[in-house]
Amino acid sequence: MNLKKVAVYFITGLMSVCLIACSGPQVSRVDSNEEIDLSGYWNDTDSRQVAEDMIIDSFANQWITNYTKSNGRKPRVIVGLVLNKTEEHISTETFVKDLARSYINSGKVTFVASKDQRAEIRAERSDQAGNSKTGSAKSHGSETAADFMLKGQINSIVDANKKAQLKYYQVELELINLETNETVWIGQKKIKKVISRKLYKA
């Protein structure tokens, strides 16, 4: 094999390696609070903003003032199911966590652990009862019950033509008195997004 062919093979191989290296994913880190919307689908910004706005709206209602005045303490709240009734895969668990965080950070209510969390904690207390040093195990029957449950759903409507796509989300939440089954607050938040042709695939 002459030197010319060797040089050609070497350059070809070098170019192939370069192309493979250059075609890899380009990753850049951004602030977790920065608003980024790549596809128009429900995302972390929607989840956080809706949760914060809904909790603020719930506190604007008289239910919390009436309860605190009648009972002499902050109401205890638990977040129940939030149903995803859209055609998208939406992590409702993330949205529920955003709701819980907004409630806790408000300082206006006492937040109670979820059903799954309570089951895990009860299992831990049972384990402590049989294995912990005398006097250190946490007793059963001392749980604090919730006064209100927050539950709701996420709905969406999609409208599209060849040039653009419209995504409309409607989030509905309601707060229910667990003793009387009365609904003390209903909240609604709407999000409308228009996705241009360069992002929309027909």
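Assorted remarks:
- Label sites at GLN26 and ALA160, each approximated as a point 7 angstrom past Cα along Cα to Cβ, lie 2.7 nm apart.
- With R₀ set to 22 Å, the beta-carbon distance separating ASN105 from THR68 gives a calculated FRET efficiency near 0.75.
- Rounded to the nearest 20 debye, dipole of segment 81-180 from Cβ charges on Lys, Arg, Asp, Glu: 240 debye
- Residue-normalised accessible area of segment 65-202, expressed per residue, 1.4 Å probe, Å²: 67 Å²
The values are calculated or read from the model by the stated rules, or taken from the named source; none is laboratory data. What you are looking at is a predicted structure, and each value in this text was computed from that prediction instead of being measured. Because the Cβ atoms are built from the backbone with ideal geometry, glycine has one as well, and the counts that use them run over all protein chains shown. Just so you know, the surface numbers come from the protein's heavy atoms only, side chains and all, with ligands and any DNA or RNA stripped out. Shrake-Rupley method; radii C 1.70, N 1.55, O 1.52, S 1.80 Å.
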